[in-house]
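None of the figures in this text is laboratory data; all of them are computed from the coordinates on show. Every value quoted in this text rests on a predicted model; they were computed, and no experiment measured them. Every residue, glycine as well, gets a Cβ built from its backbone with ideal geometry; the counts of neighbours run over all protein chains shown.
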Amino acid sequence: MLNVADHQLTDKLANAIYRPLWIMTSHRDGELSGSLVISALSLYRSQPVKVVVCVTKHDYTHEVVMASRVFALHVLRPDQIQLAAHFAYQSSRDVDKFASLDYKIGLTGSPVLKDCLGYMEFEVLADVDTPTHTVVVAEVRNAEAYVPLEGIVPGAGVNEEWFRKNAPPHPKSLAATGRH
């Protein structure tokens, strides 16, 4: 029997769960890329730690991650809304997102931001293609915290709700209304 659930109901139920927000960065042939990842991620405890992340195909970072098979995930602080918008509102196809940022090249070759709570670098082990995303299973290769470990507690990072409440208007929405 086919049960097509009500979209509004399924959306509300899915959004009742904590929705993390990360910046994903990667590299390919000396080219750096990064994008914002919202709620499409799950870490699981194993030795070493693994992650399952859905990478949207319309983001340029998808192409870069699929080619290099490595990426880094960064945890933001609540005072970093402009950094989140910087990665969310423009494409690495058109803009060098790292030109104005303090970063270093990590163990996997991925760019890692120096101003955040911390980051983890991953190597892709497997991927599953879907119409809109690629589901990636990856294993941690490196991690670093920029704050004392005691400062990294549940809720220290940010989530989708924080972004939606605090993000400045998207530049494209301003252009559409004639306001800049």
Original post:
Can you give the net charge of the other residues whose Cβ lies under 10 Å from the Cβ of Arg93, counting K and R as +1 and D and E as -1?
Top reply: -3
**OP:** Set the Förster radius R0 to 22 Å, insert the Cβ-Cβ distance between His170 and Ala145 as r into 1/(1 + (r/R0)^6), and round the FRET efficiency to 0.05.
**Re:** 0.10
**OP:** Treat each spin label as a single point 7 Å out from the Cα along the C-beta direction, and report the Ile152 to Arg45 distance in nm.
**Re:** 1.5 nm
Subject >> Net dipole in debye of region 17-177 [+1 Lys, Arg Cβ; -1 Asp, Glu Cβ; about Cα centre; nearest 20] >> reply: 260 debye
**OP:** First select every other residue whose beta carbon is under 15 angstrom from the beta carbon of Leu32; then total the charges, Lys and Arg +1, Asp and Glu -1.
**Re:** -3
**OP:** Could you sort 141-147, 59-65, 46-52, 121-127 so that the peptide with the highest average Cβ count within 10 Å comes first and the rest follow in order?
**Re:** 59-65, 121-127, 141-147, 46-52
**OP:** Please list, in chain and number order, the residues 5+ apart from Val158 or on another chain whose amide H is under 5 Å from its amide H, with Hs placed from the backbone.
**Re:** Leu21, Leu76
